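Peer 1: Handing you a structure now.
The values are calculated or read from the model by the stated rules, or taken from the named source; none is laboratory data. What you see is a predicted model, and the numbers here were worked out from it, not measured in a lab. FYI the Cβ positions are ideal-geometry reconstructions off the backbone, even for glycines, and counts take in every protein chain you see. Ligands, DNA and RNA are stripped out before the accessible areas are found, and what is left, the full protein with its side chains, is counted by its heavy atoms. Shrake-Rupley method; radii C 1.70, N 1.55, O 1.52, S 1.80 Å.
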Amino acid sequence: MYCKHFSLDKKPFQLCSDNTFLWLGKTHARALDALKKGLEENAGLMVLTGDVGTGKTTLIHEMLHTLPTETACAHITDPSLELHYLFAAVAQGLGFGDLYREGEKFAPILIDHLEQDAQKERNAVIIIDEAHLIPDRFLTELFSWTASAPKKMLTIILAGQLEFHSVIEKNLGDAWQDHVDVHAELSPLDEEQTRAYINRRLELAGSRRNIFIIAAIQQIHAYSKGFPRLIN
């Protein structure tokens, strides 16, 4: 109903992530640039953190869309599963799902596969969403893979809420950032960025004018505290 009233081609504000509406605030642009550069340089371990609703999933989806077609990628959206299922998801995503069976040691199979891919100059990426939910044992496995994999052939991206800092610190110690090649953190939008975010989404949805007056933008920002999900 409101799309017709405001002459919009589609809904500009939805809770699900939609990268056709991609708009980057200052920290979002810096984070995406750092992650993309890390991928280009085949960084071993990258960490993306941010509060709930700051846009981590949107950035991850943007990275997935821009990965080279020859790059093998395993994307795990729920790392709280049993270890066997996590291993199976990694194996499936990287293209050797038929080689792993429950109960087998996973690391030797993974490293052997990566070494074969290295001969073909084919890189691998493992992306873990909701990384703050990772079981300690799986996190330890991930760290060991980056150390054992052929040099610059495996990149692991861990995206989680701010409490992931304490999770990773528990496993790597106070100097955990020394083990991370790229660490990007997202922050909420300020009022001016909120205005630009709203107007850009309206434009992409087909609006020919700015629908919200300044006072409305101020109220939206006061309510949402600049979190994109709450703005939507």
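Peer 1: Once you list every other residue whose beta carbon is under 14 Å from the beta carbon of Lys4, what net charge do they have if Lys and Arg are +1 and Asp and Glu are -1? Before the final figure, lay out the partial values.
Peer 2: Numbers: positive: Lys10, Lys11; negative: Asp9.
Here the count lands on +1.
Peer 1: Another question, then. Would you mind checking which residues have amide H under 5 Å from Val47's amide H? H placed 1.01 Å from N; only 5 or more apart, or other chain.
Peer 2: Correct list: Leu158, Val182, His183, Ala184.
Peer 1: Shifting gears a bit: How much net charge surrounds Asp78 when only other residues with a Cβ under 13 Å from its Cβ are counted (Lys, Arg +1; Asp, Glu -1)? Numbers along the way, then the final one.
Peer 2: Values: positive: none; negative: Glu82, Asp129, Glu130.
It works out to a net charge of -3.
Peer 1: Arrange the residues Asp129, Asp51 by how much accessible surface each exposes, largest first, with a 1.4 angstrom probe. Kindly include the intermediate steps, with their values, before the conclusion.
Peer 2: Values: Asp129 10, Asp51 65 Å².
The residues order as Asp51, Asp129, largest area first.
Peer 1: Quantify, in whole percent, the carbon and sulfur part of the accessible surface of the chain (1.4 Å probe; protein heavy atoms only). Display every interim value, and only then the final one.
Peer 2: Working: 6150 of 12320 Å².
Looking at the chain in its full context, I get 50 percent from C and S.
Peer 1: So, one more: Give me the number: length gained by fully extending Ala175 to Ala107, i.e. 0.36 nm times residue separation minus the C-alpha to C-alpha distance, one decimal in nm. Intermediate results must be reported in sequence, preceding the final value.
Peer 2: Values: separation 68, 0.36 × 68 = 24.48 nm, distance 2.51 nm.
22.0 nm is the gain from fully extending Ala175 to Ala107.
Peer 1: Return one whole number: the accessible area per residue of the chain in Å², for a 1.4 Å probe.
Peer 2: Working: 12320 Å² over 232 residues.
Per-residue accessible area for the chain comes out at 53 Å².
Peer 1: Further, regarding this structure: Using 1/(1 + (r/R0)^6) with R0 = 30 angstrom and r between the beta carbons of Glu163 and Thr66, what's the FRET efficiency to the nearest 0.05? Display every interim value, and only then the final one.
Peer 2: Working: r = 28 Å, r/R0 = 0.95.
With a Förster radius of 30 Å, E is 0.60.
Peer 1: If you filter the stretch 20-65 for GluC sites (Glu not before Pro), then keep DSSP loop positions with at most 13 other Cβ within 10 Å, what is left? Don't skip to the answer; put the middle values down first.
Peer 2: Working: sites: Glu40, Glu41, Glu62; in loops: Glu41.
Answer in residue order: Glu41.
Peer 1: What net charge is computed for the residues neighbouring Pro188, neighbours being all others with C-beta under 9 Å from the C-beta of Pro188, Lys and Arg scored +1, Asp and Glu -1?
Peer 2: -1
Peer 1: Further, regarding this structure: If we sort 207-213, 181-187, 136-142, 156-162 on the protection proxy, mean other Cβ atoms within 10 Å, highest first, what's the order? The partial results should precede the final answer.
Peer 2: Numbers: 207-213: 12.4, 181-187: 19.0, 136-142: 16.1, 156-162: 21.6.
Going by the mean number of other Cβ atoms within 10 Å, highest first, we get 156-162, 181-187, 136-142, 207-213.
Peer 1: Also, I was wondering about something else. So if each residue of separation counts as 0.36 nm, and I subtract the Cα-Cα distance between Glu82 and Ser207, what length gain in nm does that give? Don't skip to the answer; put the middle values down first.
Peer 2: Values: separation 125, 0.36 × 125 = 45.00 nm, distance 4.66 nm.
Once the chain is fully extended between Glu82 and Ser207, it gains 40.3 nm.
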